[in-house]
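The values are calculated or read from the model by the stated rules, or taken from the named source; none is laboratory data. Note that the structure is predicted; figures quoted are calculated from it, not measured. FYI the Cβ positions are ideal-geometry reconstructions off the backbone, even for glycines, and counts take in every protein chain you see. The accessibility values were calculated without ligands, DNA or RNA, using every heavy atom of the protein model including side chains. Shrake-Rupley method; radii C 1.70, N 1.55, O 1.52, S 1.80 Å.
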Amino acid sequence: MRETISCIYSPRSSGSSLPLCCECILSLGRRERNTSASTCRPYTLPTGKVLIVVSSRTQQTGFTLKLPNSRRQGNITIDICERRERTGSAREVRRIFGTFTRENLQRSVLKMLSSSIKMVAKQLKSSTFSATELCDASLRRIENTKSLNAFITVTHDIAHEQAKESDKRHSKGESKGELDGIPIAVKDNFCTQGVLTSCGSHMLSNFLPPYNATVVSRLQDAGTVMVGKCNLDEFAMGSGTVDSIYGPTKNVWGSNVPYEVLNSPPSKQRSASHEKSANLDEDWHIAGGSSGGSAVAVATGSCFAALGSDTGGSTRNPAAYCGVVGFKPSYGLVSRHGLIPLVNSMDVPGIIARSVEDVTSVLNAIAGPDDNDSTTVRQSFSNISLEETVTLKGLRIGIPKEYQNSSMSQEMIEVWRYAASILNEGGATVSEVSLPHTSSSIACYSVLNQCEVASNMARYDGLRFGIRGTDTSSTEQLYAETRSRGFNEVVRSRILSGNYFLLKRNYEKYFVKALKVRRLIKRDFDNVWNNNIDILLTPTTLSQAPRLSDFRQHDNQTQCVTQDYCTQPANMAGIPAICLPIRLSTDGLPLSLQFMAPMFQESTLMKTALWLQNAVNFPRIILKI
């Protein structure tokens, strides 16, 4: 069987054109069609082969192929010919661009999972591939990395439906923006209508919310594709994502999932290879927490961005350990409506992505006032633009001396100094500052955290939602059995501690005193900003991601006190903070730092982080699956 293919080409002096050949489209730059198109002579070829003849005097480059679904079932060889007119005859110069198979297409889309949101948005807009194909690639990546346990629920049906709707909009030229068709994930403590929202706990193992959290609704309004709900420590109480009823989440770095590290020094590559071969299934590197599932989902390319929650560093801590970017907005900038509360006065929705630009794209979609959340600021949010050239000239960066404590690894201290020197060479003024109440911050945070946990957990009584005990001999017995079955030891211990601090005889001694210390911590930051400091630079964690065996040597509360040392002051003060990876440790694991800025100075924060991101060029991890 044979078929005839004819080709139409629109020559342009600039070399940009849109030639059409039946169902196949070869895109050369701009997509305008020239009215002076000429038809080349037909060619008869075997079925499955397409010969595209281009009449031009200039060589064309940058070919991008689009094939409709009906053409993607088998091997299709694309022969690109350039026909140059000469006196009395035509000479054809064949340039074969290779065989384009369905497998090659899938491999090409899989590669896009490691790209930026902006780049993928351009490809979707130009129909290089569809949102459905991108969604399928994302779901395959989730399946191939399920050993890491990043997801509690994978929303196949919802994702495919949202991807199809995105394809319809793109085909009509009605894209909602650069997030339209982009796969994202949501931490499992954000309400998602009709989708299990468990908080990693038995207590909510059957909870299907009747509404969406505001941030989830806004992402849907932006056209995103939700591929699943991510794992977390039970009720977000933890810093390792090891206390979920669905099992722990494993860090992709140093794991048995095959990957390569791009732009890494040879010595670091050897270290990473050694780490992987020495790694045992029962003793992997932790993902951090409590948003460890979200961080691993982004790091593996299962999605382009994920929502986390940040109460004392729960977005930034796992982002640091997994080598991605983690962002905590100013308190009140992003709505908490639909975020199942842990500590109302500190909780904020966080964003995890692979770059500062991607974080900014998501922030622009979800920030702003919300009538359903009285704690959001009333003024409208102006989108942050990172298009202009970022400069550090005139920027004043502070280095808080109190953040270097005895538990911090020497490698982390060296990375801190390295980044400070780069910023100084880049034109910023870097100086040491003091936050004198930093040492008291973690104790203050622990008291306030447990007091608010005790209050928030009181709603889980077995009567309104969640699981219910079987002992109905009395209301007290029903409460006791429900809460004993529904909560793990970590949650129960925080409830007990919080109620102890809130006893009448202890209220002034613990809770009120902690509130006073919190005000002093906030005042420390205000004093720094008032002394002409624009940004603070600190470590995010005290070391690289520890192994599970090392992490398990201490209880949950002790680990939180250690892991949250550098991150929780930003939550106490309500200021924005962003964490980004700087370089690899000698073991081939990410080492990250964070910037903090005054309230609602997200624009300055993002631009400074973008400059450092570009300056350090952190190695990228690419999965070989």
Practice task
Would you mind computing, in nm to one decimal, how far apart the modelled labels at Ser439 and Asp283 are, each placed 7 Å from Cα along Cα→Cβ?
Solution key: 3.5
Exercise for the section: Please work out how much length the chain gains when fully extended from Glu476 to Ser407, using 0.36 nm per residue of separation minus the C-alpha to C-alpha distance, in nm with one decimal. Expected result: 20.4 nm
Fill in the blank from the handout: Mean 1/r over distinct Cα pairs of region 282-325, inverted to a Kirkwood Rh in Å, yields 10.1
Handout entry: Per-residue HN-Hα couplings for region 176-184 [Karplus 6.51, -1.76, 1.60; θ = phi - 60°; Hz; x = Gly/Pro]
Key = 7, x, 6, 8, 5, x, 7, x, 9
Problem - Among 399-412, 350-363, the order from most to least packed when residues are scored by Cβ within 10 Å on average - result: 350-363, 399-412
Practice task
Could you provide, to the nearest whole Å², the per residue accessible area of region 511-594 with probe 1.4 Å?
Solution key: 35
Handout entry: Extension gain, Lys118 back to Phe207 (0.36 nm per residue minus Cα-Cα distance, nm)
Key = 28.5 nm
Fill in the blank from the handout: For region 429-482, the accessible surface attributable to carbon and sulfur atoms (probe 1.4 angstrom, ligands and nucleic acids excluded) amounts in percent to 50
Fill in the blank from the handout: For region 505-545, shape from the Cα gyration tensor axes a ≥ b ≥ c, cut at a/c of 1.5 then a/b versus b/c, turns out oblate
Exercise for the section: Go from 0 up to the bin containing the longest alpha carbon distance in region 321-394, width 10 Å each, and give me the % of pairs per bin. Expected result: 17, 43, 31, 8, 0
Problem - Relative packing of 599-609, 290-300, 155-165, which averages over residues the other C-beta atoms within 10 Å, highest first - result: 290-300, 599-609, 155-165
Exercise for the section: Please give the contour-minus-distance gain from Thr558 to Ser382: 0.36 nm per residue of separation, less the Cα-Cα distance, rounded to one decimal in nm. Expected result: 59.3 nm
Practice task
Quick one: grab the alpha carbon gyration tensor of region 189-237, order the square roots of its eigenvalues as a ≥ b ≥ c, and give me rounded if a/c is under 1.5, else prolate or oblate depending on whether a/b is larger than b/c.
Solution key: prolate
Completion exercise
On the formula 1/(1 + (r/R0)^6), with r taken between the Cβ atoms of Glu508 and His156 and R0 of 60 Å, the FRET efficiency rounded to 0.05 is 0.65
Handout entry: Karplus-derived HN-Hα couplings along region 405-419 (A = 6.51, B = -1.76, C = 1.60, θ = phi - 60°), whole Hz, x at Gly and Pro
Key = 10, 5, 8, 6, 5, 5, 4, 5, 4, 5, 5, 4, 5, 4, 5
Practice task
Provide the per-residue ³J(HN,Hα) series for region 424-431, in order, calculated from phi with Karplus coefficients 6.51, -1.76, 1.60 and θ = phi - 60°, each as a whole number of Hz, with x at glycine and proline positions.
Solution key: 5, 5, x, x, 7, 9, 10, 9
Problem - Kirkwood-based shape ratio for region 543-609, expressed as Rg/Rh from alpha carbons - result: 1.05
Handout entry: Under 18 Å from the Cα of Lys187 - lysines, other chains or at least 8 residues apart
Key = Lys146, Lys229, Lys250, Lys328
